[in-house]
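Since every read-out is calculated from the coordinates, none of them should be taken as a lab result. Bear in mind the structure is a predicted one, so any value in this text is a computation, not a measurement. No Cβ is skipped: glycine too gets one built from the backbone with ideal geometry, and neighbour counts run over all protein chains shown.
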Amino acid sequence: METALNSTSWLHIVAVFGAVAVMLVGVWLVFDRLKALKQGFGPNSLKALGVILFLPILLLLAILTNFKTETLAALLGTVAGYVLSSTEDKTKSKSNQDNSTPTP
């Protein structure tokens, strides 16, 4: 019984360190890419950071807690909806409305 407890504890420790490493590297890659492209922080970069930070946390919840499968599936569905949702640039649509001339 002692070895089963130790192997489970080691699995939890490895999962936590792995998830933290993925989050740190992911955040670094996003900011490095934004710096290389000389772009500011916008809705798409916020979406990328949200996914990079949320998915490893979801993995940790699945491993470390006793959540039901339905709960984890709902959380994963939330992430999928967030990623697949379209982000519209409000400044472009507003400039298009300003440039249009009304017809009498």
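Placing R0 at 35 angstrom, the Cβ-Cβ distance between Lys35 and Leu60 gives a FRET efficiency of 0.75 after rounding to 0.05.
Subtracting the Cα-Cα distance of Ser9 and Lys68 from their residue separation scaled by 0.36 nm leaves 19.2 nm. When restricted to Cα atoms, the range 2-85 yields an Rg and a Dmax of 15.9, 54 Å, respectively.
Here the Karplus curve 6.51 cos²θ - 1.76 cosθ + 1.60, taken at θ = phi - 60°, turns the phi angles of the range 6-16 into couplings of 5, 5, 5, 5, 5, 4, 5, 5, 5, 5, 5 Hz, with x standing for Gly and Pro.
Summing +1 for each Lys or Arg and -1 for each Asp or Glu, what net charge is found among the other residues whose Cβ lies under 13 Å from the Cβ of Val25? In short, 0.
How big, in percent, is the set of alpha carbon pairs in the range 22-67 lying more than 18 Å apart? For the range 22-67, the fraction of Cα-Cα distances above 18 Å is 36 percent. Ranked by the mean number of other Cβ atoms within 10 Å of their residues, highest first, the peptides 51-62, 18-29 fall in the order 51-62, 18-29. Amide H contacts of Phe67 (H built 1.01 Å from N, in plane; Pro and chain starts excluded): no residue 5 or more places away or on another chain comes under 5 Å.
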